[in-house]
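S.K.: Take a look at this one; I'll ask things after.
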Amino acid sequence: MRHPLLNRFPDRENAFKVFFHPDCLLHEGPAAHPEQPERLKAILEGCLLLPKRTPVSFDIPQPAGFDQLLVLHDQQYLNRLEEAQHKTTVFMSPDNYLCQDSFAAIQASAGCALASGESLLEGVSSFALTRPAGHHAMRSTAEGFCFINNVALATEIVRCSRPGAKCLIVDFDAHYGNGIDYFYNRDPQVLYYSIHADPDQIYPHCGFPDETGRDKGRGTKCNVVVNTGVTGTQWLKTFQKTLLEFVTKNTPDFLLVSAGFDAHKEDPLGLMSLTDRHFLNAINLLLEIADEHCDGISAWFLEGGYSIPVLKRIVPKVIKKLAR
């Protein structure tokens, strides 16, 4: 049956795109695990409440093929991952559970990321509702609930077509995207800005301010550390100041955003104290950066955030703001 979001928000030329896939709901784990299908279900339910006049199109892209994942990830790793779903309930890390249909969900999530990368090249902004998330995944390592590095996959789509362009990845998930750093630490063409909680206190225990990239990539990475429990007002001031300073020194051609909402004060992880308003103000700044440097175009990717009520209301709010 055709998904109701496709009927409510059909394809419109040049409209803001939201990519999602029902197969992303197939990845199911233990009841106590914070990363559940209900996260995506809630977002989709919230999106159905968007005003019908919202200039947005919802689309279900093709899942990523095995060969498309090889752009980033080792074939042996992918083979092990596909086989493991039939043999075990965890993969490489206790945080990374598996079920019989997990690989289909992983491919569907990556397909949304690939579609966002293509959309970026076409000059159309988008939000990929990627689940499982991806910013902790490395070439042959799954960790932090992540298996495939979605935002990096989209970045590679852009770089394949525009090899001389500079891509800026902004990551406001409460956890540092160590997988993004892994792929681009030495690459001067990929700028990475992350604001996250103190690595001394939380996973993945890296992403300190002095980690600014290596070799030719030195100075093209920016890690901003805030204390756990930071107020939304202080977080926003820090975000605005440091991101603008970084962009002034490193002018991007494309903007990609790893959008995690686990810094929200209602999130069960309890790391920070942001409200909806603080996130929406942060989005305003990112839109200004996109307007000034990237022809107003940006691509967004869902990362963390584990409060079901928060996700149900805030992701549609963000989509509505982006769909201008």
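Only the coordinates and a few stated rules stand behind these numbers; no lab work does. These figures come from a predicted structure and were not determined experimentally. Every residue, glycine as well, gets a Cβ built from its backbone with ideal geometry; the counts of neighbours run over all protein chains shown.
S.K.: Figure the gain on full extension for residue 242 and residue 227 (residue separation times 0.36 nm, minus the Cα-Cα span) and round it to one decimal in nm. Can you show the working numbers first?
M.R.: On the way: separation 15, 0.36 × 15 = 5.40 nm, distance 1.54 nm.
Difference between extended and current length: 3.9 nm.
S.K.: Related question: Report relative contact order for the chain in percent, whole number only (criteria: Cα-Cα under 8 Å, sequence separation at least 6).
M.R.: Working: 716 pairs, mean separation 61.4, N = 324.
Relative contact order for the chain comes out at 19 percent.
S.K.: Of 302, 124, 103, which is farthest on the positive side of the dipole of the range 4-322, counting Cα position, with +1 on Lys and Arg Cβ, -1 on Asp and Glu Cβ, and the Cα centre as origin?
M.R.: 124
S.K.: To make sure I understand, if each residue's beta carbon is the centre and we count other beta carbons within 10 Å, what order do 298, 140, 109, 57 fall in, fewest to most?
M.R.: Details: 298 25, 140 14, 109 33, 57 21.
Sorted ascending by nearby Cβ count, the order is 140, 57, 298, 109.
S.K.: Same structure, new question: Please compute the net charge surrounding residue 208, taking Lys and Arg as +1 and Asp and Glu as -1 over other residues with Cβ under 14 Å from its Cβ.
M.R.: Net of charged neighbours comes to -3.
S.K.: Still on this model: Taking amide H positions as placed in the peptide plane 1.01 Å from N, state which residues far from residue 16 in sequence (5 or more) or on other chains have amide H under 5 Å from it.
M.R.: Excluding prolines and chain starts, which carry no amide H, the hits are 57.
S.K.: On to the next question. Around residue 261, under 9 Å between beta carbons, what's the net of Lys plus Arg minus Asp minus Glu among the other residues?
M.R.: Values: positive: none; negative: 173, 262, 267, 303.
So the environment of residue 261 carries a net charge of -4.
S.K.: Rank the residues 272, 1, 138 as a footprinting-exposure proxy: fewest other Cβ atoms within 10 Å of their Cβ go first. Let's see the in-between values first.
M.R.: Details: 272 24, 1 3, 138 20.
Sorted ascending by nearby Cβ count, the order is 1, 138, 272.
S.K.: Just to be sure I understand: of the beta bridges DSSP finds with both ends in the chain, what percent are antiparallel, rounded to 5?
M.R.: Numbers: 4 of 36 bridges.
The answer is about 10 percent antiparallel.
S.K.: Among 184, 284, 199, flag the residue with its Cα farthest along the positive direction of the charge dipole of the chain, charges on Cβ as +1 for Lys/Arg and -1 for Asp/Glu.
M.R.: The Cα lying farthest towards the positive end belongs to 284.
S.K.: Note down the magnitude of the dipole of the chain about its Cα centre, charges +1 on Lys and Arg C-beta and -1 on Asp and Glu C-beta and zero elsewhere, to the nearest 20 debye. Before the final figure, lay out the partial values.
M.R.: Working: 31 positive and 38 negative charges, 177 e Å.
Once rounded to the nearest 20, the dipole reads 860 debye.
S.K.: Treat every Asp and Glu Cβ in the range 1-155 as -1 and every Lys and Arg Cβ as +1, leave all other atoms uncharged, and give the resulting dipole magnitude about the Cα centre to the nearest 20 debye. Please list the in-between numbers first.
M.R.: Details: 12 positive and 17 negative charges, 99 e Å.
That gives the range 1-155 a dipole magnitude of about 480 debye.
S.K.: With the crude spin-label approximation of a point 7 Å out along Cα→Cβ, what separation in nm comes out for residue 249 versus residue 292?
M.R.: Between residue 249 and residue 292, the simple spin-label model gives 1.6 nm.
S.K.: Taking the chain as a Gaussian network, Cα atoms linked when under 10 Å apart, which of 65, 144, 296 shows the biggest mean-square fluctuation?
M.R.: Maximum fluctuation in the GNM of the chain, among the listed residues, is at 65.
S.K.: Could you tell me which helices of the chain pass both thresholds, a Cα extent of 15 Å or more along their own axis and a mean Kyte-Doolittle hydropathy of at least 0.5, with helices taken as whole DSSP H runs?
M.R.: 102-121, 150-161, 308-322
S.K.: Remind me, relative contact order of the range 136-267 in percent, using alpha carbon pairs under 8 angstrom and six or more residues apart?
M.R.: Working: 229 pairs, mean separation 37.2, N = 132.
Once divided by the residue count of the range 136-267, the mean separation gives 28 percent.
S.K.: State, to one decimal in nm, how far the label point of residue 313 lies from the label point of residue 76, with both points 7 Å from Cα in the Cβ direction.
M.R.: Label-label distance for residue 313 and residue 76, simple model: 5.0 nm.
S.K.: Please find, in a Gaussian network model of the chain (springs between Cα atoms separated by less than 10 Å), the residue of 255, 72, 244 whose mean-square fluctuation is greatest.
M.R.: The residue that fluctuates most here is 244.
S.K.: Right, another one. For the pair residue 216 and residue 49, how long in nm is the line joining their label points, each one 7 Å along Cα→Cβ?
M.R.: My value for the distance between the label points is 4.9 nm.
S.K.: Which longest run of the chain has no exposed loop site in it, a site being GluC sites (Glu not before Pro) in a DSSP loop with at most 14 other beta carbons within 10 Å, and the site itself not part of the run? Before the final figure, lay out each step's value.
M.R.: Working: sites that count: 13, 122.
It runs 123-324.
S.K.: Could you list 167, 294, 160 in order of exposure, starting from the residue whose Cβ has the fewest other Cβ atoms within 10 Å?
M.R.: On the way: 167 27, 294 23, 160 11.
Sorted ascending by nearby Cβ count, the order is 160, 294, 167.
S.K.: Springs between alpha-carbon pairs under 10 angstrom, Gaussian network model over the chain: which of 127, 172, 208 fluctuates most?
M.R.: Greatest mean-square fluctuation among the candidates belongs to 208.
S.K.: Here are labelled values, [x] 83, 48, 30; [y] 56, 43, 35; [z] 47, 45, 41, and one is the computed Cα extents along the principal axes in Å for what I pasted. Which one?
M.R.: [z]
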